[in-house]
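As structure tokens, the structure follows; a few thoughts come after it.
The values are calculated or read from the model by the stated rules, or taken from the named source; none is laboratory data. This is a predicted model, so every value here is computed, not measured. For neighbour counting, all protein chains shown are included, and Cβ atoms are generated from backbone atoms with ideal geometry for every residue, glycine included. Surface areas here come from the heavy atoms of the whole protein model, side chains and all, with no ligands, DNA or RNA. Shrake-Rupley method; radii C 1.70, N 1.55, O 1.52, S 1.80 Å.
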Amino acid sequence: MAKAPIITPQAEDFPRWYQDVLNKAELADNGPVRGTMVIRPYAYAIWERMVAEVDRRIKEAGAENAYFPLFIPESYLQREAEHVEGFSPELAVVTHGGGKDLEEPVVVRPTSETVIGEYMSKWIQSYRDLPLLLNQWANVVRWELRPRLFLRTSEFLWQEGHCAHASQHDAAVYAERILRDVYEDFMVNELAIPVFTGRKIPQERFAGALNTLTCEAMMRDGKALQMGTSHELGQNFARAFDIGYQDENGGRQLCWTTSWGVSTRMMGGLIMSHGDDRGLAVPPRIAATQVVVILVKDDDQGSAGDAARRIGAELTEAGIRVRVDDQASTPFGRRATDWELKGVPVRVEVGPRDLADGQVVLVRRDSGEKTPVDIAALSVTAANMLVTIQDAMLDAATQRRDSATVDVMTVAEAADAAATGYARIPFDRLGESGIEELGRTAVTVRCLQTADGGLPSTDDAPGTVALVARSY
RNA sequence: CGGGACGUGGCGCAGCCUGGUAGCGCACCUGCUUUGGGAGCAGGGGGUCGGGAGUUCAAAUCUCCCCGUCCCGACCA
């Protein structure tokens, strides 16, 4: 029996589709204060997987976790001119505490360069203390004018790395290392989201940075999403917070600092990169539930239910993240669509009919393909299928992106291409006037690349290519 | 913050123009029958209509102010 669509089709109204997925897959709700977000358990479990995988890579890159306070003296922000200017409009400021006015207002951190800079200054004395590689997992607050769940909320969860280096070269190398070995590697290999990596133009840089490197993904509506950034802060913060050291020759030097972050925005990216008209689709490696064992219907003795639970235990034993849905009182079709909505990569259907043949049915969320499998071979087949799905999802996402990325030579062509995806245009063909012209239709330069897709070392290196698109 | 749309049980909506204190679908609860792709029947519970002020004998319906949500724009992880 054909039913009305469960969620608004993407082609009909993409923003509404996004809202529907958020609601129906039980991912998030608006908080009571404007712009705030409640992350529901199913989404939070995925976030925890993201945290685990990013954290592992951060530690491999040599950084250590620490924690700095939520409250920052307002005066700290003011020490770096561009930084204050950039963040002032979106600060939450506490002026009252303990029943009286505070002598100095404190801001709720919008990012922690300033406090961490203050402590780096205390902790670094010698070149032997460098590099100092710190990271913290925290919540930050930026009073956003136009919030959207996961993509831009007034409070969000993230990881912020803050490092001090002895030289500009060391800082640049590390900023790029984080971009590649932590962010790009994580996004491509865990989230199955291909990203363009590149350099931000001055207008798009982090407030107070010399250079901002970015990972830009493409959502299924053709709009770009900035998934993560890595900044070279030069000596701006080192100067403002007196982060310095004594070198081998006894000379006094200023440090070169970097900062880098990814946030719960990645959840939004995950949803909009892989989701389809049946709901969310989570790549197996990041899925909190990789396989759902669903009891189609039980028999009189309850032996099918027992079999389903036993199969669940076997899959768990094999190292797969499993949930068993044996709520046989709810009709099968209902539960099947619910798990598809939540995007669980593989569904194992267990019912009396299959069991009689010693089989179960595996169903892929990405392709919908159904495969009968002998129970004896289930663990191995399921594990292989998860690998196959991971690869297939990355391939599909890469194909979608590449087919919506066009090389052009004029601003008019770029505007045209950006209506549905990315346009690549030689940067000198774009120029300031081109940037402004595209800006009128909300098309912006997402990043700059060298001709072969590498990272340009300056803003105006010859042969630089600009990737332009509409963005979130 | 500027422009637009909207706010009625958990969700989606009707009612508002032509004031007379609330209705539908889904969801939820109970029972029975069902269960291999969003089950059926029967019986139930839940809202005072985003908030406030006003007009009126009477306001979900009219007026004003405020708040919130969504879309577009400027800003951004």
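Each residue of the stretch A:165-172 was assigned a 3J(HN,Hα) from its phi angle through the Karplus expression (A = 6.51, B = -1.76, C = 1.60, θ = phi - 60°), giving 10, 7, 9, 4, 4, 4, 5, 4 Hz with x at Gly and Pro. Based on Cα atoms of chain A, Rg over Rh with Rh as the Kirkwood radius reads 1.02.
Between the stretch A:315-391 and the stretch A:214-271, what's the alpha-carbon centroid distance in Å? A separation of 42 Å, based on Cα centres. Evaluated with a Cβ-only charge set (Lys, Arg +1; Asp, Glu -1), the stretch A:258-348 carries a dipole of roughly 420 debye about its Cα centre, given to the nearest 20. The 3J(HN,Hα) values that the Karplus relation (6.51, -1.76, 1.60; θ = phi - 60°) gives for the stretch A:299-305 are, in residue order, 9, 4, 7, x, 6, 5, x Hz. Gly and Pro appear as x. Here's how it looks for A:M37: its modeled amide H is under 5 Å from those of A:G31, A:E155, which are all 5 or more places away or on a different chain. Here the accessible area is traced with a 1.4 Å probe on the protein chains. For the stretch A:291-385, carbon and sulfur cover 48 percent of it.
Applying 1/(1 + (r/R0)^6) with R0 = 30 Å to the Cβ-Cβ distance of A:A45 and A:E90 gives a FRET efficiency near 0.50. Under the simplified labelling scheme, the A:R177-A:E436 pair shows an inter-label distance of 4.2 nm, with each label point 7 Å from Cα along Cα→Cβ. Around the amide H of A:G244, modelled in the peptide plane, lie the amide H atoms of A:C255, all under 5 Å away and 5 or more residues distant in sequence or on another chain. Taking label points 7 Å from Cα along the Cα-to-Cβ direction, A:A356 and A:E144 give a separation of 5.4 nm.
Segment A:Q203..A:A419, full-extension length gain: 75.6 nm, with 0.36 nm per residue of separation and the alpha-carbon distance subtracted. Surface exposure of chain A, expressed per residue as accessible area with a 1.4 Å probe, stands at 44 Å².
Between A:T398 and A:D300, the distance separating the two model label sites (each 7 Å from Cα on the Cα→Cβ line) works out to 5.5 nm. Let me have the 222 nm mean residue ellipticity of chain A computed from DSSP H runs of 4+ only, each contributing -39500 (n - 2.57), with the sum over all residues rounded to the nearest 500. Per the formula, -10000 deg cm²/dmol.
Here the Karplus curve 6.51 cos²θ - 1.76 cosθ + 1.60, taken at θ = phi - 60°, turns the phi angles of the stretch A:147-157 into couplings of x, 9, 3, 6, 7, 7, 10, 5, 10, 9, 9 Hz, with x standing for Gly and Pro. Taking Cβ atoms as reference points and 13 Å as the exclusive limit, the residues near A:E176 contribute a net charge of -2, counting Lys and Arg as +1 and Asp and Glu as -1.
Annotation: amide H-H contacts under 5 Å for A:V293 (H modelled 1.01 Å from N, sequence separation of 5 or more, or interchain): A:R323, A:V324, A:D325, A:V348.
Rounded if a/c is under 1.5, else prolate if a/b is larger than b/c, else oblate: which is the stretch A:14-274, with a ≥ b ≥ c the root eigenvalues of its Cα gyration tensor? Before the final figure, lay out each step's value.
Values: a/c = 2.01, a/b = 1.33, b/c = 1.52.
Here the stretch A:14-274 falls in the oblate category.
Distance from the C-alpha centroid of the stretch A:117-191 to that of the stretch A:48-90: 6 Å, rounded to the whole angstrom.
Backbone N atoms of the stretch A:105-149 closer than 17 Å to the 7 Å Cα→Cβ label point of A:K59 belong to residues A:133-138. As a calculated quantity, the FRET efficiency between A:N384 and A:R278 at R0 = 22 Å, using C-beta atoms, amounts to about 0.40.
Kindly flag which residue pairs out of A:K24/A:K223; A:K200/A:K342; A:K24/A:K297; A:K59/A:K122 have an alpha-carbon separation exceeding 30 Å in this structure. A:K200/A:K342, as the Cα separations exceed 30 Å there.
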